[in-house]
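Everything below concerns the one structure shown next.
The values are calculated or read from the model by the stated rules, or taken from the named source; none is laboratory data. Note that the structure is predicted; figures quoted are calculated from it, not measured. All Cβ positions, even for glycine, are placed from backbone atoms using ideal geometry, and neighbour counts span all protein chains on display.
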Amino acid sequence: MRMKVLITRAEPAATQTAANLAKQGHEAIVLPLFEVVDTHANIPEQSYDGFIFTSKNAVDVLKSRNWKIPNPDLPAFCVGHKTEKAAQVLGFRKTYSANGGGAALVELMSTLKLETSNMLYFSTPDKSFDMKEALEPHKVHVKTVDIYQAQPVIPESKRLQQAISAVRDGFIFTYSALSSEHLAKLLKSGNLSQELKKCTLISISSHAVKALELIDWKDILIAPTPQEKEMIALMR
């Protein structure tokens, strides 16, 4: 059954999600409510034993900076295959991928039985998982550099209304607490919440859905693991 889905994540991920949905026979309404920007944070010059990526956004920012990997044979620990693939394109030869969020990546790294090591973590100030604290018990020391940030975008009111109307019997995907908070504010300011009584909200995690729980949805579904393919599977 062909369904309509509102995608509010930043580009180019929004268009990639739309393509994934099209392959499943669904129609995506792309309305990015964020854009990813470079924070211009300095990258430490000291040597590290490996690198951590919990978002493809971090890899994309490094690519836009023409960043050169100090040693391509150093490991890159990634959340998800898309992030891992981007790291490989960037030049990393040794990559590991966890199919889940930050906790899954910590579990993966712990199974590798790494010796005391120093990792450089390319992240965002809006992160919801404390990678540094989680890895300390495993004797992995983390230096965090907030290299990118999600900047809110306010769409034209008419465009927002059209997007909500298009999915009033369909689905809305949410990927982060930040995006949920922004969407909740836009729905409230546009008096659009009442139009979602027949719409299902699908969230990548329980944390990412908090700000939208008070809206009278047809249903709220949460992916069993924080992966987009799990979100799409819930549409069945």
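Structure data summary
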item: The stretch 1-26 residues that are closer than 17 Å to Leu183 by Cα, paired with ones that are aromatic (Phe, Trp, Tyr) and assigned to a loop (DSSP other than H, G, I, E, B) (beta carbon under 6 Å, 6 or more apart); result: Arg9/Tyr175
item: Complete set of residues in the stretch 213-233 that are over 15 Å from the mean Cα position of the chain (by Cα), at pLDDT 95 or above and within 23 Å of Ser55 (Cβ to Cβ); result: Leu221
item: Residue in the stretch 150-166 that is under 18 Å from Ile220 (Cβ atoms) and in contact with a helix residue (DSSP H, G or I) (Cβ under 7 Å, 6 or more places away or on another chain) present; result: yes
item: Residue check, Gln194 over 20 Å from the mean Cα position of the chain (by Cα), at pLDDT 95 or above, surrounded by fewer than 18 Cβ atoms within 10 Å (Cβ to Cβ) and assigned by TED's automatic domain parsing to the domain that holds Ile29; result: no
item: Condition check for Lys56: in contact with a helix residue (DSSP H, G or I) (Cβ under 7 Å, 6 or more places away or on another chain), modelled with pLDDT of 95 or more and basic (Lys, Arg); result: no
item: Test: residue in the stretch 198-209 that is part of a helix (DSSP H, G or I), buried (at least 17 other Cβ atoms within 10 Å of the Cβ) and at pLDDT 95 or above; result: no
item: Number of the condition not met by Gly101 [criteria: (1) touching a His at 6+ places or on another chain (Cβ under 6 Å); (2) touching a residue at least 40 places away in the same chain (Cβ under 8 Å)]; result: (1)
item: Filtered residues of the stretch 7-34 (kept if out of contact with any Leu (no Cβ under 6 Å at 6 or more places or on another chain), part of a strand (DSSP E or B) and under 16 Å from Leu160 (Cβ atoms)); result: Ile7, Val30, Phe34
